[in-house]
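Trainee: Just dropping this structure here.
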Amino acid sequence: MRGAWIIDQGSTDITSAYRITRRLHEEQTPYQYLEVYESPLFGRMLVLDGAVQTTEADEFIYHEMLAHPALCTHPAPRRVLIVGGGDGGALEETLKHPVERATLVEIDEAVVRASRAYLGAIAGDAFDDPRAEVVIGDGLAYVRETAGRFDVVLVDSTDPEGPAAGLFSAEFYAQIARRLEPGGLLAVQSGSAVYQRDLVTMVRRHLRAAFPVVRTYLAPVLAYPGVVWSFTIASLGPDPRAVAPEEIARRSGAWGLRYYTPAAHRAAFDLPPYLRSALEPEP
Ligand code: SAM
């Protein structure tokens, strides 16, 4: 098998190497170095500042598990905000729900442009959905300045460096809490559950300062170093661990989802003891 290798430059002390067959695009944007590769194992891959962000082969796991646990916990989400997520994967999953509006705020227009050009399999036709609103801007400023109110907010950001650093702050989460309707929820990607535990515990600490219910859950993101990835839901009301499986099946059972099911929802929140004690120490 010919081809070269790329090494993930993510922010952990472990990495992964990926055989690639060609680079489809590369561009230094005002925010990051953007590359799109083709690989035999993962299909097309979006890489930002050397860190693998998403791949055609496994993006369904990450995006289904970022979006649906919170959207299925909320009784009837109508207005959703997505911060980051310029590849459109979280937007596509959100629009499977009967929402009125999904607003995506992505700081780097190049990510949207390159994703539409080279990674169309990830977003499908989400960007062209009349309910979708794409805003090119800083999510921090947007949340600070918007007069909008949301039922669910998803933060689908790069790791806490550069423009994404503020997206993991207690101040940002408190701002989001003020932009949520009563009973609203926030779901964030909170880093590697095994190699970024300090990040996960920091996210939980910051969320607990603004939300009464904070629940971390896991999903296997196959392309990420260490695979076991964490997401954290913060809720002003409904507890994602209390959602009836029948409700999840009724809401999402007809969408042909490839990872998220009522059983996957329940299992995701059932952390193994060694992680529960590390990530959710008894208060
Ligand atoms: N959805 C992918 C995944 O599976 O993990 C990766 C996430 S998406 C590519 C991360 C996005 O967050 C990037 O496009 C980046 O430009 C964006 N981003 C970083 N900081 C931001 C900010 N302050 N406001 C809005 N978007 C931001």
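The values are calculated or read from the model by the stated rules, or taken from the named source; none is laboratory data. Fair warning: this is a prediction, and the values are worked out from it, not measured in the lab. Cβ: placed from backbone, ideal geometry, glycine included. Neighbour counts: every protein chain shown.
Trainee: Would you be able to say whether some residue in segment 57-70 is surrounded by fewer than 24 Cβ atoms within 10 Å (Cβ to Cβ), on the phi < 0 side of the Ramachandran plot and assigned to a loop (DSSP other than H, G, I, E, B)? Working first, answer last.
Mentor: Kept after step one, since they are surrounded by fewer than 24 Cβ atoms within 10 Å (Cβ to Cβ), are these residues of segment 57-70: 57-58, 60-61.
Restricting the remaining residues to those that are on the phi < 0 side of the Ramachandran plot gives 57-58, 60-61.
Within this subset, residues satisfying the condition of being assigned to a loop (DSSP other than H, G, I, E, B) are 57-58.
Yes: one or more hits.
Trainee: All but one of (1) surrounded by 15 or more Cβ atoms within 10 Å (Cβ to Cβ); (2) out of contact with any helix residue (DSSP H, G or I) (no Cβ under 6 Å at 6 or more places or on another chain); (3) without any contact (Cβ under 8 Å) to a residue 40 or more places away in the chain hold for Asp151; which doesn't?
Mentor: (3)
Trainee: On the basis of being over 24 Å from Pro220 (Cβ atoms), in contact with a strand residue (DSSP E or B) (Cβ under 8 Å, 6 or more places away or on another chain), buried (at least 22 other Cβ atoms within 10 Å of the Cβ) and not assigned by TED's automatic domain parsing to the domain that holds Gly226, does Leu34 make the cut? Even if it seems obvious, please write down each step before you answer.
Mentor: On the way: over 24 Å from Pro220 (Cβ atoms): yes; in contact with a strand residue (DSSP E or B) (Cβ under 8 Å, 6 or more places away or on another chain): yes; buried (at least 22 other Cβ atoms within 10 Å of the Cβ): yes; not assigned by TED's automatic domain parsing to the domain that holds Gly226: yes.
So Leu34 passes the test.
Trainee: Here's something else I'd like to know. Before we move on, is Ala187 over 20 Å from Val152 (Cβ atoms) and crowded, with 24+ Cβ neighbours inside 10 Å?
Mentor: Working: over 20 Å from Val152 (Cβ atoms): no; crowded, with 24+ Cβ neighbours inside 10 Å: yes.
Here the answer is no, as Ala187 does not meet what is asked.
Trainee: Would a scan of segment 210-222 turn up a residue that is at pLDDT below 95, among the small types (Gly, Ala, Ser) and in the same structural domain as Pro75 (by TED's automatic domain parsing)?
Mentor: No; the residues of segment 210-222 include none that is at pLDDT below 95, among the small types (Gly, Ala, Ser) and in the same structural domain as Pro75 (by TED's automatic domain parsing).
Trainee: Please go through (1) small (Gly, Ala, Ser); (2) in contact (Cβ under 8 Å) with a residue 60 or more places away in the chain; (3) part of a helix (DSSP H, G or I) for Ala263 and return the number of the only condition it doesn't satisfy.
Mentor: (2)
Trainee: Among Gly10, Gly50, which is the only one that is surrounded by fewer than 17 Cβ atoms within 10 Å (Cβ to Cβ) and either aliphatic (A, V, I, L, M) or over 18 Å from Ile122 (Cβ atoms) (or both)?
Mentor: Gly50
Trainee: Name, by its number, the condition in (1) free of Cβ contacts under 8 Å to residues at least 60 places away in the same chain; (2) of a type in the set (D, E, K, R); (3) buried (at least 23 other Cβ atoms within 10 Å of the Cβ) that does not hold for Glu26.
Mentor: Among (1) free of Cβ contacts under 8 Å to residues at least 60 places away in the same chain; (2) of a type in the set (D, E, K, R); (3) buried (at least 23 other Cβ atoms within 10 Å of the Cβ), Glu26 violates only (3).
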